[in-house]
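The values are calculated or read from the model by the stated rules, or taken from the named source; none is laboratory data. For clarity, every value in this text was computed on a predicted model and none was experimentally measured. Note that each Cβ is placed from the backbone with ideal geometry, even for glycine, and that neighbours are counted across all protein chains shown. We work out accessible area using only protein heavy atoms, side chains counted, and drop any ligands, DNA or RNA first. Shrake-Rupley method; radii C 1.70, N 1.55, O 1.52, S 1.80 Å.
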Amino acid sequence: MSALRPGRRLLPLLALLLASCASAGTATPEAPTVEALSGDGPYDVSTYAAVPEVPEFADATIYHPTDAPGPLAGVAVAPGYTEEQRHVAWLGPRLASHGYVVLTLDTNDPEDDPAARAEALIAAVRLLKSEHARRGSPLFGRLDADRMAVAGHSMGGGGALLAADRHPDEVRAVIPVTPWLPEGDFRNVEDPTLVIAGSADGIAAVDEHAWPHFRSIPESTPKVYLEIDGGGHFIADSERGEDLATVGRYVLAWLGLHLSEDERYRDVLHGEVPDADGPKFSRYVTSP
Ligand code: 9J3
């Protein structure tokens with residue numbers, strides 16, 4: 001039996017090694033430096049909008065990396081109240097060029113509430129999974145159905161949180177950006193959640209929305225609250241976002257750690273906040 005002991009001790013090491021090499025869905029080959037994560041990644045991106053129709057949302061666009069090794073993880077993104085895909089569209093090429101499949105959607109009604117946006121996001125996750133199985137889809141056989149994230153702006157962010165609250169098994173990571181949902185209570189959220197907020201948000205004030213949302217998520221759920229100092233409601237808007245490089249970097253790190261399960265991203269999120277970021281953030285709270 002004693003001959004087994006060294007093997008037993010080596011097993012966790014071996015598992016770690018395998019995990020870091022094989023992390024399925026991790027298509028980003030470069031080290032997660034500030035520079036590498038602040039802009040588009042190494043992959044070519046294609047888009048298509050001829051996706052099967054579903055009742056839960058209107059049009060959609062799928063962005064995917066053409067030359068990334070699969071299986072690929074996916075992210076569904078919902079815009080905010082009265083907004084359209086173009087408001088969140090920058091995330092398509094940004095994330096897809098780093099190896100993710102991204103679906104941006106238009107809600108059925110631009111005034112749809114967060115609950116409708118939650119169902120739209122879950123339908124989008126299911127649609128991505130079905131694209132994996134649909135002959136003729138550009139994603140046929142290329143997706144990892146177990147690695148899907150939901151994200152959104154404002155009511156779309158409230159929707160992303162609700163989606164994770166109601167369908168924890170269908171989601172692996174959640175990224176609400178300046179989320180809006182009064183009295184939002186996310187005590188059932190088990191999926192790792194990155195809340196991105198702006199301290200000067202005049203539409204979804206952080207004290208009424210993002211911060212209590214974050215606080216309502218159980219301490220047992222991996223979560224980070226990133227608050228841009230002086231940031232408004234549109235810090236992650238394709239046209240109005242003033243520092244999309246920073247927002248995108250933390251989104252990529254969250255997906256890298258929790259969707260691709262690549263431990264190299266842990267330090268980006270849980271190590272020291274880079275000197276250049278310190279003054280940008282009014283709060284950066286991580287748990288656990
Ligand atoms: O999605 C959003 O930007 C929500 C903002 C808002 O004030 O909704 C009020 C109905």
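Filtering 71, 110 for residues that are farther than 23 Å from residue 39 by Cβ and in contact with a Lys or Arg (Cβ under 7 Å, 6 or more places away or on another chain) leaves a single hit, 71.
For every residue, the table says whether it meets (1) open to solvent by 30 Å² or more (accessible area, probe 1.4 Å); (2) touching a residue at least 60 places away in the same chain (Cβ under 8 Å); (3) of a type in the set (Val, Ile, Thr).
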{"site": "36", "(1), (2), (3)": "no, no, no"}
{"site": "42", "(1), (2), (3)": "yes, no, no"}
{"site": "46", "(1), (2), (3)": "yes, yes, no"}
{"site": "57", "(1), (2), (3)": "no, yes, no"}
{"site": "60", "(1), (2), (3)": "no, yes, no"}
{"site": "64", "(1), (2), (3)": "no, yes, no"}
{"site": "68", "(1), (2), (3)": "no, no, no"}
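The conditions of being under 19 Å from residue 161 (Cβ atoms) and touching a helix residue (DSSP H, G or I) at 6+ places or on another chain (Cβ under 6 Å) are not met by residue 205.
Listed by position, the helices (runs of 4 or more DSSP H) contained in segment 201-288 that have at least 1 residues being surrounded by 22 or more Cβ atoms within 10 Å (Cβ to Cβ) are 210-216, 244-258. Being within 20 Å of residue 81 (Cα to Cα) and either away from the ligand (no atom under 16 Å from the Cβ) or free of Cβ contacts under 8 Å to residues at least 24 places away in the same chain (or both) is a property that residue 206 has.
It is to be established whether one or more residues within segment 108-120 are within 24 Å of residue 246 (Cβ to Cβ), buried (at least 21 other Cβ atoms within 10 Å of the Cβ) and within 16 Å of the ligand (Cβ to nearest atom). No, every residue in segment 108-120 fails to be within 24 Å of residue 246 (Cβ to Cβ), buried (at least 21 other Cβ atoms within 10 Å of the Cβ) and within 16 Å of the ligand (Cβ to nearest atom).
Could you tell me which residue of segment 143-174 is nearest to residue 185 (Cα to Cα), considering only residues that are in contact with a Ser or Thr (Cβ under 8 Å, 6 or more places away or on another chain), in a strand (DSSP E or B) and away from the ligand (no atom under 15 Å from the Cβ)? For segment 143-174, the residue satisfying everything is 174.
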